[in-house]
Amino acid sequence: SGFSDDNSKWLAPSKAKKIPSKGSNVELSSDGEVEEGSWEMEEDGSSEEMVDDYGATSSEEEERWWLRRVCVTLLLCKNLASVIRGGLSEDDTEEEEEVAEEASRQKMGQKEEESPDLQLNLDVEEQFKLPSNEQMEREYILLPPDLHIIHQRIKGNMEVLQDFVVKREEGRTRQEYLALLRRDMAAYYSYSDFLLTKLMDIFPLPELINFLEANEVPRPVTIRTNTLKTRRRDLAQALINRGVNLDPLGKWSKTGLVIYDSSVPIGATPEYLAGHYMLQGASSLLPVMALAPQENERILDMCCAPGGKTSYIAQLMKNTGMILANDSNAERLRSVVGNLHRLGVTNAVVSNCDGRQFPKVCPLVLGGFDRVLLDAPCSGTGVISKDPAVKTNKDEKDILRCAHLQKELILSAIDSVNAASETGGYIVYCTCSIMVEENEWVVDYALKKRNVRLVATGLDFGKEGFTRFKDRRFHPSLKSTRRFYPHTHNMDGFFIAKFKKFSNAIPQAQKEPAVEAATQSAVPSTVTEPQPKKKKLEGSKVVEEQKPPQPALKKRRSLQAQRRPPKA
C-alpha cells in the first residue's frame, strides 16, 4: 500500500531523443509520445553520443524513496521474527514502519544540510554508558547473548577504564565498570567468573585481552631434533623433501624446528619412527636448558611423563651418566618407555614411585643426585589453547590442592640433591600454570624451608617473576625466575625457577619469641626446679636415683605439649 511508480522520470534519456526512423510507421499518442518506431540520434550535426542512464546517480527524491523502502524491509524482517516469538504484534510493526520512515526523512534532511565540519565528526563514537539492570537481565537471561553487542561493549568499557576520570559516567564507580567487564568477558570468551577474576589480578586490562585472544588460537607445532641420531640440518632437508614447510625455532634453540604445514602426518613419517625427532612444545625445551645437565652426572626427572624432557637431558649428556625417570602414574610410564626406546636413550632408568618419598630412599642408595628437574603437576592455566576445559572446570580448591602438592614435591626434590656435588647441586622447578599460588608462592615457601637460593636460569628472554602480588610480599630474588606467556612469546604459558642448594642440613623450625614468652608466662612462678639426681652405690654399680615428677612439673609439661606446634 502507498506504492507509486516514479520510474517515468529517471528512465527518460537525458541526451537522446526518440525519433522515428525513416521508412517506419509512426503513430503519436494524444500526449505526443512515440508509440512505435526505432531509436535514432538526431542528425543535427552534433558529435555527442547517446549516454546510457543505467547506474547513474538518481535524484534526492529517489534516494529518499529507496532508503525508506530498505529500512521498512529490514524492520519487517526483524519484527516478523519477534512476532513469531510472541514479542510484538502486527500493530507494533506498523508503528515501527512509520517511525522508520520518519527517521529516514530526518536522515535525508540532515544529509542535505551536512557541512565539511560535520563530516569530520561522523567517526566520533558516542560516550559509553553502562546498561541498566533490566537490559542486562533481558540480554543474559531472557534471550541468548549477542556476541557482537558484547564485544562492542567490551571495547567501549576498556576505553573508559583507560581514561576513567574523563570518560566515566557521572555517579558510577570503577567497580561497576570492572564488574560489567568481567561479566562480558566471561560470556564472550567462555571463562568461569573465578578464573577470570584471577587473570584480572595478574594482567593489566589491555594485556588481559591479548592473553584471552591468544588462548583462542593454537600454538605452532614444534619438534626437537634428536642429536643422538641426526643433525638438525639433515632432518630439515629430509622433511622438506617430504613436503613439510618448516623453519628454525629461534636463535635461543639449536635443536628446535617449527612446522607451518605438512602434506604428510608429522607424527608418522619414517624420520619420526626412526627416532630422529620428538614432537615437543617450545616451552618444554626451556626447563632442560635451564637445568644445563653435564656429562657423567646423576640426574633425577621426578615427574617425567611423557618423556620429552628426559630424552632431551639424555641428548645433552650424550648418553653418559645416569638419569632416573620417575612418575607416579604407571599408565603414563608406557609412553616414556616407548619414546626412550625410539629415540635411542640408553642411560635412563624408569621408576614408578611417589615423588614425595624420594628423600627416604635415594640418599641411602645413590648418595643423592647432582641435579633434579621437577615439572610439577599443576592446574594447566598456561595451556588453555590445548585444553579449553580449563576455562570452566577449575576453582579455588583445585588451585590450593595443586599448590599443596607442589610444596611437598619441591621439598622432596631439594632433599634429593647432594649439595656437595662438584658440578651440580641444582634444582629446576617448572609448571605449565600462570597462577601465583602455584609458582612464586611455592618458590618462596621453599626458600624459607630449605638451605637453597635462587640463581639465574640462563634464559635471556621471558618476563620476571612477581616479588609482590596483591597483599603478599615475596623474596626479592624471585626476579631471577621467568614467566612465559602465549600472547608475548607465542608458546604455552610456563614458569621456571632454578635453585642452588648450599647445605644438606635441614633447618629446624624456630619458635617465635612471642610464643616462647607466652609459654613462660603460663608457668606458675612458684614451681621449683627439679632436684638433681642422686647417685648411690650398690656393689660396684652406680645407680641413679630419680624422684617421681611433681604435680606442678606435670602441669608445666602438659602446657608445653599443648602449645608445641604440630609437625608439618
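How much net charge surrounds His151 when only the other residues with a Cβ under 12 Å from the Cβ of His151 are counted, with Lys and Arg +1 and Asp and Glu -1?
Values: positive: Arg153, Lys155; negative: Asp146, Asp184, Glu213.
Within the 12 Å Cβ shell, the charges total -1.
Ordering Arg334, Arg69 by how much accessible area each has at a 1.4 Å probe, largest first, what is the list? Before the final figure, lay out each step's value.
On the way: Arg334 165, Arg69 95 Å².
Ranked from most to least accessible, the order is Arg334, Arg69.
Accessible surface of Glu169 in the full protein assembly, 1.4 angstrom probe, to the nearest 10 Å²?
Approximately 50 Å² of Glu169 is accessible to the 1.4 Å probe.
Using label points projected 7 Å from each Cα along Cα→Cβ, tell me how many nm separate Lys129 and Leu228, to one decimal.
6.9 nm
What does the accessible area per residue of the range 133-216 come to in Å², with a 1.4 Å probe and no ligands, DNA or RNA counted?
Result: 55 Å² of accessible area for each residue.
Can you give the relative contact order of the range 464-509 as a percent, counting alpha carbon pairs under 8 Å and 6+ residues apart? Please list the in-between numbers first.
Details: 46 pairs, mean separation 11.9, N = 46.
The normalised contact order for the range 464-509 reaches 26 percent.
If I take every Cα pair under 8 Å that is 6 or more residues apart in the range 297-389, average their sequence separation and divide by the length, what percent do I get for the relative contact order? Working shown, then result.
Values: 130 pairs, mean separation 34.7, N = 93.
Once divided by the residue count of the range 297-389, the mean separation gives 37 percent.
Just to confirm a number: summing +1 for Lys and Arg and -1 for Asp and Glu over residues other than Asp492 whose beta-carbon lies under 9 angstrom from that of Asp492, what do you get? Working shown, then result.
Working: positive: Arg219, Lys386; negative: none.
Overall, the nearby charge balance is +2.
What shape does the range 374-513 have by the C-alpha gyration tensor, where a ≥ b ≥ c are the square roots of the eigenvalues, rounded means a/c under 1.5, and otherwise prolate means a/b greater than b/c and oblate the rest?
Cα axes put the range 374-513 in the prolate bin.
What do you reckon, how do Glu331, Glu63, Glu437 stack up by accessible area (1.4 Å probe), largest on top?
Numbers: Glu331 115, Glu63 60, Glu437 20 Å².
I get Glu331, Glu63, Glu437, largest accessible area first.
In what sequence, highest mean first, do 145-151, 339-345, 491-497, 248-254 appear when ranked by Cβ atoms within 10 angstrom? Please report the intermediate quantities before stating the final value.
Values: 145-151: 12.6, 339-345: 19.4, 491-497: 25.3, 248-254: 14.7.
So the order, starting with the most tightly packed, is 491-497, 339-345, 248-254, 145-151.
Over 28 Å between Cα atoms, which of Lys318/Lys479; Lys229/Lys463; Lys463/Lys500; Lys155/Lys198; Lys254/Lys394; Lys129/Lys470 qualify?
Working: Lys318/Lys479 32 Å; Lys229/Lys463 34 Å; Lys463/Lys500 21 Å; Lys155/Lys198 21 Å; Lys254/Lys394 37 Å; Lys129/Lys470 30 Å.
Too far apart for the 28 Å limit: Lys318/Lys479; Lys229/Lys463; Lys254/Lys394; Lys129/Lys470.
Kindly identify the range 220-279 as rounded, prolate or oblate by the Cα gyration tensor criterion: order the square roots of the eigenvalues as a ≥ b ≥ c, call it rounded if a/c is under 1.5, otherwise compare a/b with b/c, prolate if a/b is larger, else oblate. Walk me through the numbers on the way to the answer.
Values: a/c = 1.58, a/b = 1.11, b/c = 1.42.
In terms of gyration-tensor shape, oblate.
Roughly how many debye, to the nearest 20, is the charge dipole of the range 220-279 about its Cα centre, given +1 on each Lys and Arg Cβ, -1 on each Asp and Glu Cβ, and no other charges? Don't skip to the end; give the middle numbers.
Numbers: 8 positive and 4 negative charges, 59 e Å.
The calculated dipole for the range 220-279 is roughly 280 debye.
With the cut-off at 1.5 for a/c, could you classify the range 425-475 from its C-alpha gyration tensor as rounded, prolate or oblate?
Numbers: a/c = 1.60, a/b = 1.10, b/c = 1.46.
It is oblate, given that a/c is not under 1.5 and a/b is not larger than b/c.
Which length gain, in nm to one decimal place, applies between Gln162 and Asn451 when the Cα-Cα distance is subtracted from 0.36 nm times their residue separation?
Working: separation 289, 0.36 × 289 = 104.04 nm, distance 4.46 nm.
The Gln162-Asn451 span can extend by a further 99.6 nm.
Which whole-number percent is the relative contact order of the range 133-216 (Cα, under 8 Å, 6+ apart)?
Working: 34 pairs, mean separation 20.6, N = 84.
About 24 percent, as a whole number.
Mind pulling up the Rg/Rh value for the range 133-216? Radius of gyration and Kirkwood radius, both on Cα.
Taking Rg over the Kirkwood Rh, I get 0.95.
The values are calculated or read from the model by the stated rules, or taken from the named source; none is laboratory data. What you see is a predicted model; the values in this text were computed from it and never measured. For neighbour counting, all protein chains shown are included, and Cβ atoms are generated from backbone atoms with ideal geometry for every residue, glycine included. Note: areas computed on protein heavy atoms with side chains; ligands, DNA, RNA excluded. Shrake-Rupley method; radii C 1.70, N 1.55, O 1.52, S 1.80 Å.
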